[in-house]
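Peer 1: The structure under discussion is supplied below as structure tokens; questions concerning it will follow.
The values are calculated or read from the model by the stated rules, or taken from the named source; none is laboratory data. Given the structure is predicted, the values throughout are model-derived calculations rather than measurements. Note: ideal-geometry Cβ built from the backbone for every residue, glycine included; neighbour counts use all protein chains shown. The area values use the complete protein model at the heavy-atom level, side chains included, leaving out ligands, DNA and RNA. Shrake-Rupley method; radii C 1.70, N 1.55, O 1.52, S 1.80 Å.
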Amino acid sequence: MKRTEAKSIAEIIGDFMQQEDIEDAVLEQKALRLWGEVVGPGVNRMTTERYVDNGVITVKITSAALRNDLMLSRTAIIANLNELVGKAVIREIVLR
């Protein structure tokens, strides 16, 4: 058996995720976990439900006024989430 260059665990996992086409799904879940960090603790407390599906984060906000404010800053929130995960995996935010 011929030896090749050693790979780090991170490289092996990254290669596997790309092969199995699950990298975007993992990054979407990471973006969802980062929601509270991006919007802040006050907004995060007003968030009751959140999930992601095919690049669309759906969030339920308990305050109508806050929901309207977030509607205006959706583009900035999407940009911040994508920047933190390192890839443009979130394309839309739906606020309910």
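Peer 1: Assuming 0.692 mPa s and 37 °C, estimate D for segment 1-48 with Stokes-Einstein, Rh taken as the Kirkwood radius over Cα pairs, in µm²/s.
Peer 2: On the way: Rh = 13.5 Å.
Answer, rounded: 244 µm²/s.
Peer 1: Next up: Only helical DSSP H runs with n ≥ 4 go in: add -39500 (n - 2.57) per run for the chain, normalise by residue count and round the 222 nm mean residue ellipticity to 500 deg cm²/dmol.
Peer 2: That comes out to -15500 deg cm²/dmol.
Peer 1: With a probe of 1.4 Å, find how much accessible area the chain has per residue, and write the answer as a whole number in Å². Mind showing how you got there, number by number?
Peer 2: Details: 6750 Å² over 96 residues.
Heavy-atom SASA per residue in the chain reads 70 Å².
Peer 1: Sort L27, L84 by accessible area with a 1.4 Å probe, largest first. Walk me through the numbers before you get to the answer.
Peer 2: Details: L27 25, L84 85 Å².
Per-residue accessible area, sorted high to low, gives L84, L27.
Peer 1: So what is the relative contact order for segment 1-72, in percent, with contacts set as C-alpha pairs under 8 Å and at least six apart?
Peer 2: Values: 37 pairs, mean separation 13.5, N = 72.
Across segment 1-72, relative contact order equals 19 percent.
Peer 1: Could you sort 15-24, 70-79 so that the peptide with the highest average Cβ count within 10 Å comes first and the rest follow in order?
Peer 2: So the order, starting with the most tightly packed, is 70-79, 15-24.
Peer 1: What percent antiparallel are the DSSP beta bridges of the chain, to the nearest 5? It would help to have the intermediate numbers written out before the result.
Peer 2: Working: 6 of 10 bridges.
Around 60 percent of the beta bridges assigned by DSSP in the chain are antiparallel ones.
Peer 1: Leaving out ligands, DNA and RNA, and with a 1.4 Å probe, what % of the accessible surface on the chain is carbon or sulfur?
Peer 2: Numbers: 3480 of 6750 Å².
C and S fraction of accessible area: 52 percent.
Peer 1: In the neighborhood of M46, defined by Cβ-to-Cβ distances under 14 Å, what is the net charge if each Lys or Arg adds +1 and each Asp or Glu adds -1? Mind showing how you got there, number by number?
Peer 2: Working: positive: R45, R50, K60, R67, R96; negative: E49, D69.
Computed value for this residue: +3.
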